[in-house]
Structure formats: C-alpha cells, structure tokens
Ligand code: 3IO
C-alpha cells in the first residue's frame with residue numbers, strides 16, 4: 001500500500017514537471033496576448049474580418065502579439081460587449097451600434113437612409129467621420145476600426161411586393177433601422193442578429209431587415225424565400241479596445257494597430273460587397289429565392305416616409321452638442337467621393 005502510494009505521488013510530480021515544461025514555451029511564444037470577443041457565429045462577416053485582423057496583427061508584429069478570438073458570444077454577447085470591454089473582461093470587442101440606442105449620438109447617423117449602395121463606401125465614410133470628429137461617445141475606448149454592413153433589405157417568409165404587403169408584418173431589425181420599418185407600416189421587433197435564428201425558427205418574426213449575405217451565412221434563405229430590395233440603411237459597427245489594454249501596449253504595436261484602422265475598414269467593405277453577391281447566387285441556386293423590386297412609386301414613398309427620421313436624429317444630436325447639418329454634409333461629400 002505504502003509503496004504504491006509513494007509511486008503514485010512520484011508519478012504525479014513527474015507528470016506535473018512534464019506539463020510545466022510543455023506549457024512554458026507556449027506561454028512565452030508571444031509577449032502580448034489579446035482577447036477579442038465577437039457576438040455572431042464564426043461564419044458571419046464580423047468574425048471573418050476579426051480573423052483577418054488577427055492574422056495581420058500577428059504577422060505585422062512578428063508574432064509579438066497573439067490574438068485569441070472568441071466568435072459566437074463565447075466570451076461576451078451582443079449587448080454586453082460594450083460593458084465587458086470597458087471592464088476588461090475582453091481586451092477587444094465587436095459591437096453593432098444599432099443595438100445600443102442613444103449611446104452613439106454621432107455615429108448612429110449611419111443607421112439612417114443616407115444613400116450608400118455598398119459596404120465599402122459606407123465603411124470608408126464611417127471611418128472618415130469617426131477620424132474627423134473623434135466623438136466623445138467612444139471616449140472610454142480605443143477604437144481600432146469601424147465598418148458597416150451592406151445596405152439593408154427585407155428578407156421574409158411571405159412575399160413583400162408592395163408597401164401594403166408590409167403592413168403589420170413582424171420583422172426583426174435594430175436601432176434606427178427598426179424605426180425605418182415602423183415608418184413603413186411594418187411591426188419591427190428589435191433584437192441582435194445573434195438572437196434572430198431562434199426568433200425566425202419559433203415564428204416570433206416573419207422576416208428580417210439586414211444585409212443579404214446572412215441568407216447564406218445563417219442559412220436564412222431556407223426560411224426567408226422572398227427578398228425585397230430596398231437598399232436603405234446600413235448597420236454601423238465599431239471594434240473597441242479596453243483603454244488600459246491599449247495604454248499598456250508598446251509604441252511599435254500601437255503603430256501596427258493604428259495603421260490597420262482604415263485598411264481594415266476597406267478590407268471588410270470589399271469582403272462584404274463580394275460576399276453579398278456570392279450569397280445571393282448560392283441562395284438562388286439552393287433555395288430558388290425570389291428577388292423582388294418595389295415600384296418606383298413605393299420607392300419614392302419609402303424615401304418620403306423615412307425623411308423625418310433624419311430630422312429626429314438631428315434634434316437628438318443637437319441635444320448632445322453635435323452639429324447634425326455639418327455631419328450630414330461631410331457624409332454627403334464622402335458619399336460622392338467613395339461611390340464614384
Ligand atoms: C450583421 C450582424 C451580425 C452578423 C451578420 C450581419 N450582417 C449584417 C449585420 C448587421 C447587424 O448588426 C444586424 O443586426 O443586422
């Protein structure tokens with residue numbers, strides 16, 4: 001008994017030493033390890049851009065920085081990433097601004113129907129706006145990059161051919177995009193994208209209002225066979241970093257991350273625009289989805305009915321000391337520049 005006990009004890013000590021030896025080189029491979037939380041599933045564009053950013057950062061810092069990515073709300077969910085990153089539960093997090101009404105009085109302007117036709121142009125315009133204004137709504141964070149979805153469209157179980165078809169239809173959206181639906185007579189249900197598969201599955205909503213690439217990435221084409229093109233507002237995103245984590249980085253690493261800001265916005269826009277095309281082709285092939293265009297009269301009505309939302313935004317911005325007219329005119333200039 002005694003002998004066996006001693007042997008087991010010695011074995012355990014040996015195994016502990018082996019484990020220690022094995023773990024030491026792994027732990028010291030990178031000097032800096034950063035955690036990055038993301039809310040939707042790994043296949044979706046916010047996570048695809050996260051993996052690209054991770055690769056670039058690890059490459060450009062020569063392996064000095066290692067990024068641990070957590071897709072699919074495995075570290076922080078859609079609505080608690082903001083607080084989680086502030087408190088340091090993750091170093092970096094991805095947020096969709098529309099999930100936080102009232103929190104981003106300046107950058108929420110990108111949830112309005114501004115006329116952007118691509119994710120690339122909207123993403124660059126958003127980054128330019130942020131860079132110019134350095135809004136205090138982000139003062140608790142270091143913003144690493146920003147980008148937007150592609151313009152939003154209506155994906156539904158039943159065909160929406162006219163504005164009349166939209167009346168009272170429960171459709172999932174978020175933030176000002178929910179208000180857009182409401183002004184068009186639909187019944188918006190606000191929730192993050194990560195909650196949408198279950199809501200569609202359970203019949204809580206009959207469709208959603210977002211960019212088309214989710215038809216493939218979240219397999220929404222299976223349920224939502226009708227796709228009505230409205231190409232209205234986009235969803236703006238920010239990649240935020242904990243201020244202490246940022247301040248603790250050496251200057252050469254800070255430079256790498258700063259240099260990536262605009263480039264990452266453009267990369268994500270380009271990826272998104274191409275991926276929307278690929279996803280639509282896939283959904284047509286696999287589920288024979290029907291693409292629907294509304295009449296010119298309905299499209300004009302959409303424009304007229306959503307115009308007051310721009311005035312609402314301006315008023316709320318003014319309350320926070322933001323010159324809404326100047327912001328909108330800067331965005332107009334970016335739109336002309338990037339939509340060429
Ligand atoms: C989005 C969010 C997560 C995953 C894929 C996505 N495609 C477009 C969005 C925009 C958004 O935040 C939303 O809730 O529709």
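All of the numbers you see were taken from the coordinates with simple rules; none came from a lab. Everything numeric in this text was worked out from a predicted model, so none of it was measured. When we count neighbours, we look across all protein chains shown, and the Cβ atoms used for this are built from the backbone with ideal geometry, even at glycine.
What to note about this one:
- Folded to 0 to 90 degrees: helix 2-28 orientation relative to the chain principal axis, Cα: 50 degrees
- Full-extension gain in nm, residue 103 to residue 52, via 0.36 nm per residue minus C-alpha separation: 15.6 nm
- Burial ranking of peptide ranges 142-148, 246-252, 98-104 (average Cβ count within 10 Å, highest at the top): 142-148, 98-104, 246-252
- Taking the C-alpha atoms only, the angle from helix 324-338 to the longest principal axis of the chain is near 80 degrees.
- Expressed in Å, the radius of gyration and Dmax of the Cα atoms of segment 286-340 are 16.6, 50.
- Expressed in Å, the radius of gyration and Dmax of the Cα atoms of segment 162-270 are 18.4, 58.
- Largest-first principal axis extents, alpha carbons of the chain, Å: 89, 44, 33
- Comparing 78, 37, 318 in a Gaussian network model of the chain where C-alpha atoms under 10 Å apart are linked, the largest mean-square fluctuation is found at 318.
- Modelled this way, with points 7 Å down the Cα-to-C-beta line, the labels at residue 252 and residue 307 are 5.7 nm from one another.
- A straight line joining the Cα centroids of segment 97-127 and segment 288-307 runs 21 Å.
- Sequence-separation-based contact order of segment 43-153, relative, with Cα cut under 8 Å and 6+ spacing, percent: 18 percent
- For the chain: relative contact order, % (alpha-carbon pairs under 8 angstrom, 6 or more apart): 22 percent
- Here the label points at residue 182 and residue 140, each 7 Å from Cα along the C-beta direction, are separated by 2.5 nm in the simple model.
- Angle between the chain longest axis and helix 251-287 axis [Cα atoms, degrees, rounded to 10]: 60 degrees
- Global geometry of segment 89-163, whether rounded, prolate or oblate, following the gyration tensor of its Cα atoms and the 1.5 cut on a/c: prolate
- Distance between modelled label sites at residue 117 and residue 326, nm, 7 Å Cα→Cβ extension: 3.1 nm
- Comparing Cα centroids, segment 202-259 and segment 156-173 end up 23 angstrom apart.
- Cα gyration tensor, segment 234-340 - rounded (a/c under 1.5), prolate or oblate: oblate
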